[in-house]
Every structure is written in structure tokens, then in C-alpha cells.
Amino acid sequence: MTNTSSNAMWGGRFAAGPDAIMEAINASIGFDKRMAAQDIAGSCAHAAMLAAQGIITDSDEQAIREGLLTVLSEIERGDFTFSTALEDIHMNVESRLKDLIGEPAGRLHTGRSRNDQVAVDFRLWVRDQVDAVIEGLTALCKALLDQAEAGADWVMPGFTHLQVAQPVTWGHHMMAYVEMFGRDMSRFRDARVRMNESPLGAAALAGTSFPIDRHMTAEALGFDRPAANSLDAVADRDFALEFLSSSTICAMHLSRFAEELVIWSSSQFRFVALSDRFSTGSSIMPQKKNPDAAELIRAKIGRIMGAMVGLFTVMKGLPLTYSKDMQEDKEQVFDAADNLMLALAAMTGMVSDMTANREALEIAAASGFSTATDLADWLVRALNMPFRDAHHVTGTLVALAESRGCDLPNLTLDDMRSVHDAITKDVFEVLGVQNSVASRVSYGGTAPDQVRVQVKRWKEILG
């Protein structure tokens, strides 16, 4: 009797058996073809250096450079056929180069390895992505600045525990996110400085006996310097981890803002109206306008943080130097980068298009005894009352207002004097929400003039 079950695992796409499985698990061309431009830039720089050092002839270098540019053109036009059998972007490019120029193509790999080649390609790709993220964050911050400037003196409730706390200005709330995203920009810029060292020329792990000039290739590729240790150069993926870490924090900030937009755009709040471009309707309820873009932005941190944890897990147990495990670095970074850029673009669009409901914001700002702290501060200033005593008096007045079904400004002077007889009519000057926000003039406070100071500062920073 023939045993057919033993071959069951090789069925379907792996009908050819173990060779097909090995080809599928070993190949990375399905995703690392995204680094084609970086791979070709690295190869052009390497070839120019080899010629300058007399390791290959000038004519070979010219043929290699022209051939590589032809390959790049084919890839950009979509005329290039990628082969899984050739494993990765490096071998696919080199194979096509050989078809185009023949023997000189075989000289290109002198003095380097796929280990330092992939390290430089990936580093260049991540560096380009960092620049794109900074550009995206800049656009988002400028959209927030426009909102902040327009609503510098619009009052709204400030919250703690999602309970009304004190009145703030719309502009001040927008500027809080400018500060968050500004820190994100600084993290990406810091990471860029650290990643800007060239691994090219580290070869497999120990350097090379050829008289290469690593400073020349580093400069040609826009790096500040060559990496100083060949072992670390090919084993390092800190630049990718830092990118994912910074991306995760940025995605968390985007998620927090997205959550507020979901809440604010609800019929219970009506703080903002999101444009139709970033909302959808319901398939069954015609009155619905769903903040789908905000909800999807809120979810993106799951993918981005997952990528970060994934790569940390891949790298945590690897001895020096290169192991094939490190092939698992790129898909996670690519996915995180794609989703972060999409989230940034969507948030920028929503912020640019959204309309704040000034009336609803002001009504909400005046609710929930939001000026209680102003009352306590007035008791301290006007009556020289210790703050703890003022806190107690204010709490008693809040309870009184609550029992009357009104807010603090609606209590009469006699009502207030029934709790503390030294209170004067001047107290009513601090109980309005406009007076409250105008009084918060400390640096970084919510007063409209302070908001305008911060808007001006950030406009100068962003240019």
C-alpha cells in the first residue's frame, strides 16, 4: 500500500517539495524590492570608489554605472521581472546588470558582501522614511497652528478624567498637540543623526583586504562617516528599532487626538464637525456620519507597536554578526512606515477640514462648575485665605449650587455670604469663563495672548 499522507505537507504551492519551501522561506524579493533605488545608489557609489582606488578600471565603472541606471529605469517603469529564485533585490539587480553589460557586472561586488550591502540599503531606506515622516509632521503641525490661531480666544472645557475641570481655549488645546508632534519630530531627527553612518565596506563582517575608501562611499551616500566597527556595522539594526520606537510614540499621539475627534464629533458633544471627505455614512441609519478616518488612525498604533515589538523580539537573541533572522526586519518596518504616513496624512486632512463649533464649546466650558478653581484662587488673593480653606469654602459653594440646580455664577451674593461672610461682589468678575481663561497668563498658560505667543514661536520653528 502506498503511503500518500507523508507528502501531504508538500501540497498546493509547495508541490515541488522541500526545494520549493526553502526557496519561499529564503527569498525576500517580495518585499525588499522596495529598496531598489537605495540598492542601486549604494552600488553606484561603491563602483565609483573601486575605480577611484584602481581596483576596477574606469571603463568597467562606466559600464556598471550606466547599466545600473538602466536597471533602475526598468524598475521605475514597471518593466523589470523580479525572480524569487534570485532571492533578494541585490541578486536580482546584479543578474540583470550582467545581462546588460556582461563581465564587468561581476566586478561590482569586489570588496563588499550582501551583509554590508543590505545594511546600507536598509539604512538609506529608513533615513529617507525619517525625512518623509518629519515632512508629514511639519504639515500636521502647520494645520494645527492654523486652528490654534483662528481660535486663540475661543473657550472650551479642559478635562481631567474626562470630567470638566477648568476652561481653556481652543487654541491652547490645539497647541498641546503641536508640542506633542514637535517632540516626535525631535525624536526622528535625533534618530537620524545616529543612523547616519555608513556600513558599506564592512563586507561580510571583518572588513576587506582591498584598498577601499569607505569615507568616499559614505560621503557619496550622504552619510556623516563610515561605521567604525565592521562587526557592529553589519549586525546593527538599532536604526530600525529607533524608527519603530519613535513611530510608536507618534502613533500614540495620533491615537489620542483621534480619540478626542471621535468624542468631539459625537452628537452628545458637537464640539467639531468633520468634513465629508473624512467621514462615512451608515448602510442602514441615514442620519449617521461616522468618523471612520479618526477611528482607523486610532487603530494604527496596534500595527505600528506590533512591528516594534516584533523586531525587538527578532533581534534580542542574535549573536554577532549577521543571521538570517535579520531578514525579518524589513516587512515590519515597511508596514509601520506605510501606516504612519497614512495616519499622518489623514490626520492633517481632518485637522485642515474640521470646523469647531464655537457656541457648543463655550456652553460646555461654562458647565460643570468649571470656574471653581478661579473662585478658590480669588478667595486666596482677595481674602488672604489659606488655599486649603479656600478649597473647602469653594467645595461648599459648589454643593450649594448643585442643590439649587445652577452653576456658580448663578448664585447670589447672599448665597455666597451664607458660606463665608467676607465674600464681596468682586467675586463675580472671576466666575465667567472668558475672565477665567484671560487670567491664565503664566508662561504656557491658556490665556489667548499666551496662545498667540506659542503660535508665533512655532511658526518660526517650522519656517
> Which of (1) closer than 30 Å to K142 by Cβ; (2) among the β-branched types (V, I, T); (3) open to solvent by less than 30 Å² (accessible area, probe 1.4 Å) does V441 not meet, given it meets every other one?
Replying inline: (3)
> In this structure, is L361 crowded, with 16+ Cβ neighbours inside 10 Å, over 27 Å from F269 (Cβ atoms) and out of contact with any Ser or Thr (no Cβ under 7 Å at 6 or more places or on another chain)?
Replying inline: no
> So which of G302, G349, G310, G306 is in a helix (DSSP H, G or I), small (G, A, S), under 17 Å from S265 (Cα atoms) and within 22 Å of the chain's Cα centre (by Cα)?
Replying inline: G349
> In the stretch 205-254, how many are outside any loop (DSSP other than H, G, I, E, B) and among the basic types (K, R)?
Replying inline: 2
> Restricting attention to the stretch 160-174, does a residue exist that is aliphatic (A, V, I, L, M), under 30 Å from A356 (Cα atoms) and buried (at least 24 other Cβ atoms within 10 Å of the Cβ)?
Replying inline: yes
> With respect to E135, is the statement that it is in contact with a Gly (Cβ under 9 Å, 6 or more places away or on another chain) and either of a type in the set (D, E) or part of a loop (DSSP other than H, G, I, E, B) (or both) true?
Replying inline: no
> What do you reckon, is R417 of a type in the set (D, E, K, R), surrounded by fewer than 20 Cβ atoms within 10 Å (Cβ to Cβ) and either more than 30 Å from I134 (Cβ to Cβ) or touching a strand residue (DSSP E or B) at 6+ places or on another chain (Cβ under 6 Å) (or both)?
Replying inline: yes
> How about the stretch 379-393: which of its residues are over 43 Å from the mean Cα position of the chain (by Cα), of a type outside the set (K, R) and in a helix (DSSP H, G or I)?
Replying inline: L379, V380, A382, L383, D389, A390, H392, V393
> Going through the stretch 51-66 one residue at a time, which ones are within 18 Å of H90 (Cα to Cα) and either acidic (D, E) or in contact with a Phe, Trp or Tyr (Cβ under 8 Å, 6 or more places away or on another chain) (or both)?
Replying inline: E61, E66
> Has the stretch 406-420 got any residue that is among the acidic types (D, E), within 48 Å of the chain's Cα centre (by Cα) and not in a loop (DSSP other than H, G, I, E, B)?
Replying inline: no
>> Could you check the stretch 410-420 and list, in sequence order, the residues that are free of Cβ contacts under 8 Å to residues at least 24 places away in the same chain and closer than 11 Å to V393 by Cα?
In response: M416, R417, S418
>> Take the residues in the stretch 34-90 that are among the polar types (S, T, N, Q) and within 30 Å of A24 (Cα to Cα); name whichever of them is least open to solvent (accessible area, probe 1.4 Å).
In response: S43
>> Taking the criterion of being within 29 Å of D32 (Cα to Cα), open to solvent by 20 Å² or more (accessible area, probe 1.4 Å), in contact (Cβ under 8 Å) with a residue 24 or more places away in the chain and touching a helix residue (DSSP H, G or I) at 6+ places or on another chain (Cβ under 7 Å), would at least one residue in the stretch 333-342 satisfy it?
In response: yes
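The values are calculated or read from the model by the stated rules, or taken from the named source; none is laboratory data. From a predicted model like this one, the values you see are computed outputs, not experimental measurements. Note that each Cβ is placed from the backbone with ideal geometry, even for glycine, and that neighbours are counted across all protein chains shown. Remember, those area values only see protein heavy atoms, side chains included, never the ligands or the DNA or RNA. Shrake-Rupley method; radii C 1.70, N 1.55, O 1.52, S 1.80 Å.
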